[in-house]
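One structure is given below, encoded as structure tokens.
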Amino acid sequence: MVATLSDGEVETLVSVEELLSAVAEAFKALSLGEVVMPPRSRINVQGVGDILLMPCLAPSLRVFSLKVVSVFPRNLEKGLPTTNAVVVAVDPADGIPKLVAEARALTGLRTAAATALSVKHLARSDASSLGIIGCGYQARWQLSITQRVMRPDKVYAFDIYRDRAERFAEEMREKIGGEVEVCGSAETLVRSCDVVITATTSKTPVVLKEWVRPGTHISAIGAYTPEMAEIDPRLLASSKVVVDFLNAAKEEAGEIIQAVKSGLMRWEDVYAEIGEIIAGRKAGRVDKSEVTIFKTVGTAAQDAAVASILLAKLS
Ligand SMILES: NC(=O)c1ccc[n+]([C@@H]2O[C@H](COP(=O)([O-])OP(=O)(O)OC[C@H]3O[C@@H](n4cnc5c(N)ncnc54)[C@H](O)[C@@H]3O)[C@@H](O)[C@H]2O)c1
């Protein structure tokens, strides 16, 4: 029998500790070449959105997973979620599918785990203020998981639609048990924060170089096509840039692709994959004043990580 799980069930089955440990293992395995992860296929549905197919065999996590995820930004206007997904998990020991699960929560969890791991390895140890630009679905997971790693004294939020930022702040105050202040501009937020997360669907930078204080860490999760960008290319060129997976970044990390195309940086200037830092092959932050940027486009290995936790719970 194939088990089925709803988003709500996925959320209750996965603890933050298990999540961070499984996603760290997945990033490490990815960087060490220990997973089989074909490039994801992106099928554009003209004018409305993308459907992405994301397969991964992760032997160390004892799972094969395939996620089908769609990103339809205009869904928000219809009161529907932007990102929707389902995952199938297969036991690689016998090839038998064991699980079909809704994967919106899974996606939120594993993407937030990526940011949280980047904060652990790249943010200053005394970082105390956290800001989120783009207050949609991902932002909720980003804040709830990241604050468990960094315990910020102050949290700031900004969205181009103020009502979205206000709704987010109200909801998250209750969830994290702390103040969330809405900022009037992205500039005010960036100038106030040690750690900045960008979780937008923007095609133009939402963080400009001159706003960023020395020692800031930024996790940019939103852009996943060459046309999208959340970070000023000049900032990328002058910062320590870490990616989730270099091969995927070269195809999908819009802001880096644009910075390279305009001659501001080269792919060789990307410092590391996060898995190399987790594996101890490269250092994380080495200096209090360096600006670090983690750019994640999202990998199927992270989905496999959460699928492995779910399979273990069901067996
Ligand atoms: N890196 C990953 O692994 C990963 C995983 C899931 C989703 N994503 C991407 O993250 C992005 C956000 O996803 P979501 O599901 O939260 O979408 P969403 O539509 O729920 O939220 C996006 C929010 O960003 C705001 N926004 C858009 N442009 C902005 C700008 N210029 N300045 C400030 N706010 C702006 C929107 O108003 C909205 O509230 C999407 O592009 C999605 O594809 C990445």
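FYI, it's all coordinate maths here, none of it is from the lab. Please read all numbers here as calculations on a predicted model, not as lab measurements. Here the Cβ is made from the backbone with ideal geometry for all residues, glycine too, and neighbour counts use every protein chain on show.
Semi-axes of the equivalent ellipsoid of the stretch 121-299: what are they in whole Å, largest first, if each equals the square root of 5 times a C-alpha gyration tensor eigenvalue? Please list the in-between numbers first.
Working: eigenvalues 124, 65, 42 Å².
The three semi-axes for the stretch 121-299 are 25, 18, 15 Å.
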Filtered hits (lysines, Cα-Cα < 16 Å from residue 98, offset >= 8 within chain) -> 67, 313
Over its alpha-carbon atoms, the stretch 59-180 yields an Rg and a Dmax in Å of 16.9, 51
Nearest-0.05 FRET efficiency for residue 204 and residue 126 at R0 = 45 Å, using Cβ-Cβ distance, is 0.90
Note on the chain: contact order normalised by length, alpha-carbon pairs under 8 Å, 6 or more apart, percent, works out to 21 percent
With +1 on the Cβ of every Lys and Arg and -1 on the Cβ of every Asp and Glu, the dipole magnitude of the chain about its Cα centre, in debye rounded to the nearest 20, is 340 debye
Length gained if residue 86 through residue 60 is fully extended, taking 0.36 nm per residue and subtracting the Cα-Cα distance, is 7.1 nm
For the chain, longest principal axis from Cα atoms; helix 137-150 axis from its Cα atoms; angle between them, nearest 10 degrees, is 80 degrees
So, with points 7 Å from each Cα along the Cβ direction, the residue 77-residue 268 label distance in nm works out to 4.6 nm
Taking Cα atoms only, helix 162-176 is inclined relative to the longest principal axis of the chain by an angle, in degrees rounded to 10, of 60 degrees
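Order of 174, 276 from fewest to most other C-beta atoms within 10 Å? Don't skip to the end; give the middle numbers.
Details: 174 9, 276 19.
Going from sparsest to densest Cβ surroundings: 174, 276.
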Sequence order, the stretch 35-51: Karplus ³J(HN,Hα) from phi using 6.51 cos²θ - 1.76 cosθ + 1.60, θ = phi - 60°, Hz rounded, Gly and Pro as x, gives 10, 9, 9, x, x, 6, 8, 10, 10, 7, 9, 3, x, 10, x, 10, 10
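Could you rank the peptides 241-247, 300-306 by their average count of other C-beta atoms within 10 Å per residue, with the highest value first?
300-306, 241-247
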To the nearest 10 degrees, the tilt of helix 300-314 (Cα long axis) against the first principal axis of the alpha carbons of the chain is 50 degrees
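Please report 182, 69, 196 as a ranked list, fewest other C-beta atoms within 10 angstrom at the top and most at the bottom.
Values: 182 19, 69 22, 196 28.
By the 10 Å Cβ count, ascending: 182, 69, 196.
With only Lys, Arg, Asp and Glu charged, each at its Cβ (+1 for the first two, -1 for the last two), find how big the charge dipole of the stretch 121-299 is about the Cα centre; round to the nearest 20 debye. Write down the numbers at each step before the final one.
Working: 24 positive and 26 negative charges, 58 e Å.
In total the dipole reaches around 280 debye.
So for the chain, what are the equivalent ellipsoid semi-axes in whole Å, largest first, each being the square root of 5 times an eigenvalue of the Cα gyration tensor? Let's see the in-between values first.
Working: eigenvalues 160, 96, 76 Å².
Working from the Cα gyration tensor, I get semi-axes of 28, 22, 20 Å.
With the contact rule set at Cα under 8 Å and sequence spacing of 6 or more, what percent relative contact order holds for the stretch 121-299? Mind dumping the intermediate values first?
Working: 383 pairs, mean separation 40.8, N = 179.
Rounded, it is 23 percent for the stretch 121-299.
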Taking alpha-carbon centroids only, the stretch 260-296 lies from the stretch 90-125 a number of Å equal to 21 Å
Fewest-first ordering of 4, 200 by Cβ atoms within 10 Å yields 4, 200
If each part is reduced to its alpha-carbon centroid, the stretch 13-55 and the stretch 173-197 end up apart, in Å, by 28 Å
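Pairs 261/282; 78/250; 154/209; 78/175; 240/261; 209/240: which exceed 24 Å Cα-Cα? Don't skip to the end; give the middle numbers.
Working: 261/282 27 Å; 78/250 33 Å; 154/209 22 Å; 78/175 26 Å; 240/261 18 Å; 209/240 13 Å.
261/282; 78/250; 78/175, as the Cα separations exceed 24 Å there.
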Candidates 12, 82, 107; GNM for the chain (alpha-carbon contacts under 10 Å) flags as most fluctuating 12
